[in-house]
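Enquirer: This structure is in structure tokens; I'll ask about it shortly.
Just so it is clear, none of the values below were taken in a lab; they were calculated from the coordinates. Owing to the predicted nature of the structure, the values given are computational and were not obtained by experimental measurement. Cβ placement follows ideal geometry from the backbone for every residue including glycine, while neighbour counts extend to all protein chains displayed.
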Amino acid sequence: MTSLLIHGARKLDADGVVDGFWMHTSGDRIEAVGTGDGWRERIDAVEAVQPADAVAGGVTGPDAAGAVIDAAGRWLTPGFIDLHGHGGGGHSFDDGPEAIAGALALHRRHGTTRSVLSLVANPVPSLLVALETIAVLADTDPLVLGAHLEGPYLARNHRGAHNPDFLRSPTPEEVALLVARGRGHLVQITIAPELPGALEAITAFVDAGVVVAVGHTAADLALTKEAFDRGATLLTHAFNAMPGIKHREPGPVVAAFDDPRVGLELIVDGFHVHPDVVKMAFLAAPRRIVMITDAMAAAGSADGHYRLGTLNVSVTEGRAMLSGTATIAGSTLTQDAALRWAVEESGVDPVLAVEALTATPARTIGRADDLGLLRPGFAADAVLLDPDWTVTAVYAAGRPLL
């Protein structure tokens, strides 16, 4: 069994800011938390499962059994949760287990401890194979939360960086097939509710325990509200790949603002959504914003040419576009960078910004009882950050990742 004891931290989560905070983990759970010097009474519990040099000197590496860590006033947050990302570190989640491992390693170094793996539109047989691959990983790695199908049920006129050849309308038979192949690990699906059969598909996916997001859509306010009444509870990367807010045509974003059941994904990188619009979203839907990366393979890698599914992507100065077009093709974002953008450029309260990376995504996927907060009984996922929001250490399921 592993054990960690972090003390002297400035705790920051959805419960607020607490100085002089300490946290003791046992195995993959948080055992106890407190403030002041109470942590000293727990050193023996750590030493019992820990080499003496590691207790004295801090974490000795990713295989260390445990450690006593002086946070020295650094921020301590829950581990970040990314509900929507396609890859990173030069790798794509569509490309099999080795590529998935490479991409996850990049994001874990930047504080993302739990990930939903997003798949772009592809032929259904290819999606079935990818769902099976992710299901196998999720069975063995608790840090992999499951799969997100961002397609194939998207509107052609708002398809973004999805191959139009693979877009289609849902059928009951196909919905049942996708759910079955996910083996309980299909966490989320994005659907354009105007497609034939889409509203019925929303109901079927929700009944199967899948989080349905409205996105890549031309839906108006009324149709989006109908999708929410059918059980959709998320808006895929709000403002992007959907109608904007017009004074006589409010569109899907306003429908989501108005519905307390619905979360709104935001890509906070200073490019996808203007910093002032980010601030507006946090004010309009407090505690319902989910900051995602929507990252593709170039995240954490160099500018150049990449693939997103079957499409070519060119990345210049960190901005990913379909080659030869002005169409955005995901991001090169990591969640620590999103936190810095939100706080420093949009002026979002740090508590709300961290909540949008932790407790809100956990609640969105039905994991509010064990992910996203630094409380006893919750997963031992945590991130230490310097005052400038630079990640200095990452812990997941009670073990150091960085």
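Enquirer: Extent of the stretch 80-364 along each principal axis, from alpha carbon coordinates, in Å, largest to smallest?
Expert: 47, 46, 38
Enquirer: Explain nothing, just compute: Karplus ³J(HN,Hα) = 6.51 cos²θ - 1.76 cosθ + 1.60, θ = phi - 60°, for every residue of the stretch 276-293 in order, whole Hz, x for Gly and Pro.
Expert: Couplings: 5, 6, 4, 4, 4, 4, 5, 6, 6, 10, x, 6, 10, 8, 10, 7, 10, 8 Hz.
Enquirer: With the radius of gyration and the Kirkwood radius both derived from the Cα set of the stretch 297-402, what is their ratio Rg to Rh?
Expert: 1.05
Enquirer: Among LEU131, LEU352, THR334, flag the residue with its Cα farthest along the positive direction of the charge dipole of the stretch 80-364, charges on Cβ as +1 for Lys/Arg and -1 for Asp/Glu.
Expert: The Cα lying farthest towards the positive end belongs to LEU352.
Enquirer: Given the stretch 211-346, what percent of its DSSP beta bridges are antiparallel, to the nearest 5?
Expert: Percentage antiparallel, nearest 5: 55.
Enquirer: Considering only DSSP beta bridges where both residues belong to the stretch 80-364, give the percentage that are antiparallel (nearest 5).
Expert: 30 percent
Enquirer: Could you tell me the distance between the Cα centroids of the stretch 188-254 and the stretch 116-187, to the nearest Å?
Expert: Here the answer is 17 Å between Cα centres.
Enquirer: Could you run the Karplus curve 6.51 cos²θ - 1.76 cosθ + 1.60 with θ = phi - 60° over the stretch 297-308 and give me ³J(HN,Hα) per residue in whole Hz, x for Gly and Pro?
Expert: My calculation for the stretch 297-308 gives 4, 6, 4, x, 10, 8, 4, x, 10, 9, 10, 10 Hz in order.
Enquirer: Tell me which residues come under 5 Å, amide H to amide H, from ARG307 once H is placed; ignore anything under 5 positions away on its chain.
Expert: VAL313
Enquirer: Against the 2.2 N^0.38 Å scaling, with N counting residues, where does the stretch 152-194 land? I'd like the Cα-based Rg ratio to two decimal places.
Expert: The reported ratio for this selection is 1.23.
Enquirer: Follow-up. Would you mind ranking HIS305, HIS24, HIS274 by Cβ crowding within 10 Å, fewest neighbours first? Mind showing how you got there, number by number?
Expert: On the way: HIS305 10, HIS24 25, HIS274 13.
If I rank by nearby Cβ atoms, fewest first, I get HIS305, HIS274, HIS24.
Enquirer: Next up: Roughly how many debye, to the nearest 20, is the charge dipole of the chain about its Cα centre, given +1 on each Lys and Arg Cβ, -1 on each Asp and Glu Cβ, and no other charges?
Expert: Computed charge dipole of the chain: roughly 460 debye.
Enquirer: Further question on the same structure: Using the Karplus equation 6.51 cos²θ - 1.76 cosθ + 1.60 (θ = phi - 60°), what ³J(HN,Hα) coupling, rounded to whole Hz, does each residue of the stretch 83-96 give in order, writing x for Gly and Pro?
Expert: 8, 7, x, 10, x, x, x, x, 10, 10, 5, 6, 9, x
Enquirer: Now, a different point. I'd like the distance between the alpha-carbon centres of the stretch 378-402 and the stretch 14-28, rounded to an integer number of Å.
Expert: Rounded to whole Å, the Cα centres lie 11 Å apart.
Enquirer: Suppose each label sits 7 Å from its Cα in the direction of the beta carbon; what would the THR203-MET1 distance come out to in nanometres?
Expert: 4.9 nm
Enquirer: How big is the charge dipole of the stretch 169-307 about its Cα centre, in debye rounded to the nearest 20, if each Lys and Arg gets +1 on its Cβ and each Asp and Glu gets -1 on its Cβ? Could the numbers behind the result be given before it?
Expert: Numbers: 11 positive and 16 negative charges, 60 e Å.
Dipole size: approximately 280 debye.
Enquirer: Also: What FRET efficiency do you get for ASP303 and LEU177 if R0 is 45 Å and r is their Cβ-Cβ distance, rounded to the nearest 0.05?
Expert: For R0 = 45 Å, the calculated efficiency reads 0.70.
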